[in-house]
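Report on the structure given below.
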Amino acid sequence: MGYCSRSQAAVLIRAGRVTLNGQIARDPEKPVRTSQDRIKVDGSPLDKRPAVHLIMNKPRGVVTTASDEKGRETVYDLLEPELPWVGPVGRLDKASEGLLLLTNDSEWAAKVTEPSRHLDKKYHVQVDRVADDDLLARITRGCAVEDSSLEHKSDEHLRAKGARLLRHGDKNSWLEITLDEGKNRQIRRLLEAQGVRVLRLVRVSIGPLELGDLKKGAVRLLKAEEKEEIDRVLR
């Protein structure tokens, strides 16, 4: 309903601060009918907020979180204070930059990030060597890489949908890497497994939406035609 994130909602519900049709509801998974059920938070009626869809050019060094225990700058520091609550659609890690979507439309966000939709995301990646055809082939072929983020470490197969050389110097090069799935630090882990170090990583497009000339750190509303183009791909 655009009030807060799902994790924040679960905290409110378990704390007994949410009522459903006059009764305290402590189960975040309890089904509701938003068109007819009466939901209140701290005694105030909860109405569905107008949908807001934003595009940001996230700078390097900014974290994609609402608050940071280390006091680092977050994407929320770049937003106008009068905006309603919005949440990031997917993630960009601290060292990554480029196109980031934010919205209070959780159903739309779930569609954009749903793996089965295979929405292409393109990245421009600077690496510490001059890439050759063999490296590009290995990136698209993929390999098994340990996922250390899991409690019980296991291997997962990481690959890119596409990889091509954009330009190169004497000691490094820029690649365009296309993903149609989203896994934790996927490009960095995939290249690291090939012995390649990432120097910069910039997301330049999500589906038909391109970062374009949006300045670093800038945020704007998605144009109606831009959202319609994404929605057409998601159907």
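The values are calculated or read from the model by the stated rules, or taken from the named source; none is laboratory data. Quantities reported herein were computed from a predicted structural model and do not represent experimental measurements. Because the Cβ atoms are built from the backbone with ideal geometry, glycine has one as well, and the counts that use them run over all protein chains shown.
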Practice problem: Provide a single number: the residues in the stretch 220-235 that are closer than 17 Å to PRO50 by Cβ and surrounded by 15 or more Cβ atoms within 10 Å (Cβ to Cβ). | Solution: 2
Quiz item: So how many residues does the stretch 38-50 have that are surrounded by 13 or more Cβ atoms within 10 Å (Cβ to Cβ) and under 11 Å from THR19 (Cα atoms)?
Solution: 4
Quiz item: Does ALA163 satisfy the condition of being closer than 21 Å to PRO115 by Cβ, modelled with pLDDT of 95 or more and either more than 22 Å from the chain's Cα centre (by Cα) or outside the structural domain of VAL112 (by TED's automatic domain parsing) (or both)?
Solution: yes
Exercise. Go through ILE177, ILE206 for me and flag whichever is buried (at least 16 other Cβ atoms within 10 Å of the Cβ), at pLDDT 95 or above and farther than 30 Å from PRO50 by Cβ.
Key: ILE177
Self-check item: Residue among ASP27, ASP93, ASP42, ASP77 that alone is charged (D, E, K, R) and under 16 Å from the mean Cα position of the chain (by Cα)
Solution: ASP93
Quiz item: Which condition breaks for ASN184 when tested against (1) in a loop (DSSP other than H, G, I, E, B); (2) surrounded by 18 or more Cβ atoms within 10 Å (Cβ to Cβ); (3) touching a Ser or Thr at 6+ places or on another chain (Cβ under 9 Å)?
Solution: (2)
